[in-house]
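First the structure, in the form of structure tokens, and then the observations on it.
Taken together, the values in this text are just the output of simple stated rules run on the coordinates, not laboratory data. Just so it is clear, the model here is predicted, and its values are computed rather than measured. Heads up, the Cβs are rebuilt from the backbone with ideal geometry, glycines too, and the neighbour counts pull from every protein chain shown.
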Amino acid sequence: MKDLNDKIPARLEHIEIATLDLGFDMPSERNTGALLRTLVATKPSGSFLEIGTGTGLATAWLLDGMDMQSTLFSLDNDQAALSVAQSYLSSDTRLTLVLVDGNQWLKDNQSQSYDLIFADSYPGKYENFDLAWNILKPGGIYVIDDMLPQKNWPPGHDIKVKQLIDQLSLRVDMNYTWLDWTSGIIIATKLAEDK
Ligand SMILES: C[S@@+](CC[C@H](N)C(=O)[O-])C[C@H]1O[C@@H](n2cnc3c(N)ncnc32)[C@H](O)[C@@H]1O
């Protein structure tokens with residue numbers, strides 16, 4: 001796969017610099033962002049969820065792919081990281097940024113529904129995966145990255161990754177593709193109930 005992301009979102013470079021300044025060490029790569037931008041553009045008037053805003057890198061790419069009728073809800077429990085995203089992106093009225101624990105938010109928001117979920121944190125991925133999957137619409141897209149070994153993985157993280165893959169492969173309401181590209185990405189789609 002080639003990296004083709006020379007057309008970057010307007011505020012991305014500012015966010016990248018602020019991310020380095022903050023010492024935030026879990027940033028999404030540009031390739032992941034470019035893929036997310038491509039995917040959200042398939043859902044006009046879409047409703048999107050990012051779990052784990054960080055400093056807003058992927059958020060900027062998501063916004064860049066969304067039409068003006070779409071909305072993005074993005075949450076994180078780290079005020080310092082979220083402040084960077086707020087500084088550069090909060091003027092975009094399609095975006096809602098919230099400081100909250102992702103697991104609690106998932107428990108409290110099971111009546112929501114989304115066209116695409118980027119689960120870029122423990123909640124909705126390694127924790128409470130089912131609660132995130134429940135609020136994905138049929139035909140919706142679920143994206144996770146960092147599925148290939150990363151320098152910042154804590155000890156034992158490889159076991160969590162394997163358990164998650166095993167969990168996904170058992171689902172009958174999901175098709176997924178594992179991309180051995182960038183940090184390792186899984187794109188899953190939720191099948192309609194009559195499939
Ligand atoms: C991989 S980083 C997100 C990177 C970001 N999406 C980007 O594009 O650079 C994971 C984020 O999850 C957040 N996080 C970790 N545990 C959380 C929790 N329980 N609830 C909400 N956010 C959490 C961390 O603060 C961190 O910002």
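Below are the figures for this structure:
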| item | result |
| --- | --- |
| Qualifying residues in the stretch 120-164 (those that are assigned to a helix (DSSP H, G or I) and among the basic types (Lys, Arg)) - the one nearest to Ser74 (Cα to Cα) | Lys160 |
| Of residues in the stretch 118-145 being surrounded by fewer than 19 Cβ atoms within 10 Å (Cβ to Cβ) and among the acidic types (Asp, Glu), the one farthest from the ligand (Cβ to nearest atom) | Asp130 |
| Test: residue in the stretch 146-164 that is surrounded by 15 or more Cβ atoms within 10 Å (Cβ to Cβ) and among the aromatic types (Phe, Trp, Tyr) | no |
| Filtered residues of the stretch 108-119 (kept if part of a strand (DSSP E or B) and hydroxyl-bearing (Ser, Thr, Tyr)) | Tyr114 |
| Failed condition for Gln110, given (1) away from the ligand (no atom under 13 Å from the Cβ); (2) over 16 Å from Gly140 (Cα atoms); (3) not small (Gly, Ala, Ser) | (2) |
| Listing of strands (runs of 3 or more DSSP E) fully contained in the stretch 41-107 that carry 2 or more residues being surrounded by fewer than 24 Cβ atoms within 10 Å (Cβ to Cβ) and more than 8 Å from the ligand (Cβ to nearest atom) | 71-76, 95-99 |
